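Below is one structure, written out as structure tokens; the observations come after it.
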Amino acid sequence: MEQAAQHYDYIIAGAGAAGLSLLCYLLEEPALRQKKILLLDREKKQTNDRTWCFWQVEEGPFESCLKHQWQHLHFYSEGFSSLLDISPYRYKMLESAAFYSFCLNKASAAANVTLVEDEILDISPDGAVQGKKAIYTGAYVFNSVKFKIPERGHYHHLLQHFKGYFIKTNEDAFNPEAPTLMDFRVAQHQDCRFVYVLPFNKREALVEYTGFSPAPLQQEQYDDELTHYLEHYLQHSEYEITRTEYGVIPMTNAPFRTSESDQVINIGTAGGATKASTGYTFSFIQRQCAAIAHNLAAGKTPLHQLAASRGKYKLYDSIFLRVLSEKEYPAWKVFEAMFSKLPAATILKFLNEDSTLLEDLQVMRSVDKGTFASAAAKELYLTFKRVLPK
Ligand SMILES: Cc1cc2nc3c(=O)[nH]c(=O)nc-3n(C[C@H](O)[C@H](O)[C@H](O)COP(=O)(O)OP(=O)(O)OC[C@H]3O[C@@H](n4cnc5c(N)ncnc54)[C@H](O)[C@@H]3O)c2cc1C
């Protein structure tokens with residue numbers, strides 16, 4: 001017998017960073033209080049499966065569940081090392097378990113939200129979500145579940161891949177006020193490799209080894225690099241690994257589809273929220289989801305005025321991805337040049353896509369002009385080729 005579909009105003013397909021952020025923004029809008037919302041995920045979200053870092057000047061909606069925040073960041077490279085004051089920004093760290101529980105408590109307290117655990121098998125353009133247990137239909141479906149890495153073509157396709165150890169030492173070993181954003185003193189292997197260190201107290205920290213390259217490493221390679229880093233740079237042979245974290249994030253300038261149809265809207269990584277040149281996604285998810293909720297509350301379509309907002313940064317990201325891919329100029333030197341010549345806040349503003357044209361020019365003047373001018377010329381040529389009629 002055919003199953004009867006359960007109908008909702010909004011289906012949030014995927015209760016990860018984007019789905020749950022969107023839910024919180026929707027619940028903040030008085031105009032949307034009567035909307036029937038379905039939150040669908042294949043699993044109960046409760047584990048610390050990711051650690052999100054991002055920077056903000058103002059307080060955000062998830063302030064109460066931050067694990068830590070810092071006002072200074074270390075940068076290390078062969079030719080420049082410094083403890084940078086990032087004010088007015090704060091570098092914030094959020095563990096996923098705290099975030100999931102904060103958002104799911106809000107969902108449980110809202111009479112208009114239904115939570116369902118189901119495996120999503122398909123989402124059709126008319127807003128029908130085929131689950132293993134039932135079919136659900138929505139006036140809008142917000143999808144963070146299914147995404148295709150866009151076709152290759154003349155685009156750059158790199159990955160940000162990383163493995164981290166949560167470690168505990170027997171003696172005081174860290175300064176909890178001074179995390180490391182990037183430490184490029186590790187072997188580069190003709191790639192872009194660095195370590196970051198997030199100390200929670202004097203004896204506990206997350207030490208994460210990161211690479212930007214076309215393919216991830218073998219697990220043993222991350223382990224070797226992390227062990228080496230802990231011995232040589234943190235001078236610790238005695239530590240306990242309490243947990244590990246592993247992840248791969250797409251770094252591509254190929255365009256992600258922001259929607260599958262008028263009714264199926266892609267959000268989060270699926271909706272192109274990942275910044276191609278850095279892999280940072282969390283802040284962009286916040287902007288995307290806040291704007292969608294705002295648009296809906298104002299009676300507009302979800303993506304109203306959203307697509308055009310990241311224009312110039314897409315070009316900047318493409319240029320940087322080309323520099324990374326061509327490997328003619330070491331990536332660490334790009335970061336070293338920026339961090340040694342400019343205030344950290346200017347760089348963070350630029351990377352957060354909030355910079356003025358003048359600040360963009362300051363960043364551009366700080367890096368190797370020959371390398372970037374050549375990469376820019378090639379990217380501009382490709383951009384025009386893509387938009388001009390064949
Ligand atoms: C380990 C890790 C660390 C990261 N750290 C940072 C960071 O520090 N800063 C930053 O800005 N970005 C970071 N990112 C990148 C990005 O912020 C995260 O990947 C973020 O979780 C993306 O959010 P999302 O909602 O798009 O996807 P997810 O959070 O992965 O959510 C997708 C949801 O869909 C569900 N799902 C998937 N398939 C199905 C299905 N068939 N049926 C039902 N449910 C399904 C999953 O269970 C999941 O809950 C990190 C990524 C990883 C992997």
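The values are calculated or read from the model by the stated rules, or taken from the named source; none is laboratory data. From a predicted model like this one, the values you see are computed outputs, not experimental measurements. Cβ placement follows ideal geometry from the backbone for every residue including glycine, while neighbour counts extend to all protein chains displayed. Heads up: the accessible areas ignore ligands, DNA and RNA and are worked out on the full protein's heavy atoms, side chains in. Shrake-Rupley method; radii C 1.70, N 1.55, O 1.52, S 1.80 Å.
Using the Cβ atoms and a cut-off under 9 Å, what net charge is assigned to the surroundings of Ser283, where Lys and Arg are +1 and Asp and Glu are -1?
Neighbour charge sum, excluding Ser283 itself: +1.
Quick one: net charge of Glu59's neighbours, Cβ under 12 Å, K/R +1, D/E -1?
For residues surrounding Glu59, the net value is 0.
Which whole-number percentage describes the relative contact order of the stretch 66-202, with Cα contacts under 8 Å and a sequence gap of 6 or more?
25 percent.
Non-local amide H neighbours of Val264 (under 5 Å, H modeled in plane, Pro and chain starts lacking H): which ones?
Here the answer is Val141, since their amide H atoms fall under 5 Å of that of Val264.
When the Karplus curve 6.51 cos²θ - 1.76 cosθ + 1.60 is applied with θ = phi - 60°, which whole-Hz ³J(HN,Hα) does each residue of the stretch 127-132 get, with x for Gly and Pro?
Working through the residues one at a time gives x, 9, 10, 8, x, 5 Hz.
Through the Karplus equation 6.51 cos²θ - 1.76 cosθ + 1.60, θ set to phi - 60°, convert the phi angles of the stretch 181-198 into ³J(HN,Hα) values in whole Hz; use x for Gly and Pro.
6, 8, 10, 8, 6, 7, 4, 8, 6, 6, 10, 10, 10, 7, 10, 10, 10, 10
Once amide H atoms are built 1.01 Å from N in the peptide plane, which residues 5 or more positions from Lys67, or in another chain, come under 5 Å H to H?
Placed amide hydrogens put Met93, Leu94, Glu95 under 5 Å from Lys67.
By how many nm would the segment from Glu28 to Val248 lengthen if fully extended, with 0.36 nm per residue of separation less the alpha-carbon distance?
76.0 nm
Can you give the extra length, in nm with one decimal, that the chain gains between Tyr381 and Cys65 once fully stretched, where that is 0.36 nm per residue apart less the Cα-Cα distance?
My answer for the length gained is 109.2 nm.
Quick one: accessible area per residue over the stretch 157-252, 1.4 Å probe, rounded to a whole number of Å²?
For the stretch 157-252, the solvent-accessible area averages 45 Å² per residue.
Can you tell me the FRET efficiency between Lys202 and Ala111 if r is taken as the Cβ-Cβ distance and R0 is 35 Å, rounded to the nearest 0.05?
That pair, Lys202 with Ala111, gives E of 0.15.
Using the beta-carbon distance between Gln221 and Glu43 and R0 = 41 Å, what value does 1/(1 + (r/R0)^6) give for FRET efficiency, to the nearest 0.05?
0.90
Which whole-number percent is the relative contact order of the stretch 157-252 (Cα, under 8 Å, 6+ apart)?
45 percent
Which residue, Glu117, Glu177, Glu326, tops the fluctuation ranking in a GNM of the chain built on C-alpha contacts under 10 Å?
Looking only at Glu117, Glu177, Glu326, the largest GNM fluctuation is found for Glu326.
Find how much the distance from Ser325 to His7 grows on full extension, using 0.36 nm per residue of separation minus their present alpha carbon separation; answer in nm with one decimal.
Full-extension gain reported as 109.8 nm.
How do the peptides 246-257, 14-25, 359-370 rank, highest first, by the average count of neighbouring beta carbon atoms within 10 Å per residue?
14-25, 246-257, 359-370
Using unit Cβ charges (K, R positive; D, E negative) and no other charged atoms, how large, in debye to the nearest 20, is the dipole of the chain about its Cα centre?
Rounded to the nearest 20 debye, it is 1220 debye.
Using only the alpha-carbon atoms of the stretch 36-163 as identical scatterers, what base-10 log of I(q)/I(0) does the Debye formula give at q = 0.11, 0.19, 0.22 Å⁻¹?
Ignoring solvent entirely, the Cα scatterers give -0.64, -1.18, -1.27.
First select every other residue whose beta carbon is under 14 angstrom from the beta carbon of Leu83; then total the charges, Lys and Arg +1, Asp and Glu -1.
Taking every other residue near Leu83 into account, the sum is -3.
For the residue pair Gln235 and Ala297, what label-to-label distance in nm results when each label sits 7 Å from Cα along the Cα-to-beta-carbon direction?
That separation, rounded to one decimal, is 5.3 nm.
Amide H to amide H, which residues 5 or more places from Phe200 or on other chains are under 5 Å from it, using H placed in the peptide plane?
The list, which skips near neighbours in sequence, is Ala205, Leu206.
Among Cys53, Pro216, Asn295, whose Cα sits farthest toward the positive end of the charge dipole of the chain (+1 at Cβ of Lys/Arg, -1 at Cβ of Asp/Glu, about the Cα centre)?
Toward the positive end, the furthest listed residue is Asn295.
Rounded to the nearest 500, what is the chain's calculated 222 nm mean residue ellipticity when only DSSP H runs of at least 4 contribute -39500 (n - 2.57) each, over all residues?
-9500 deg cm²/dmol
Provide the convex hull volume over Cα atoms per residue for the stretch 157-252, in Å³.
91 Å³
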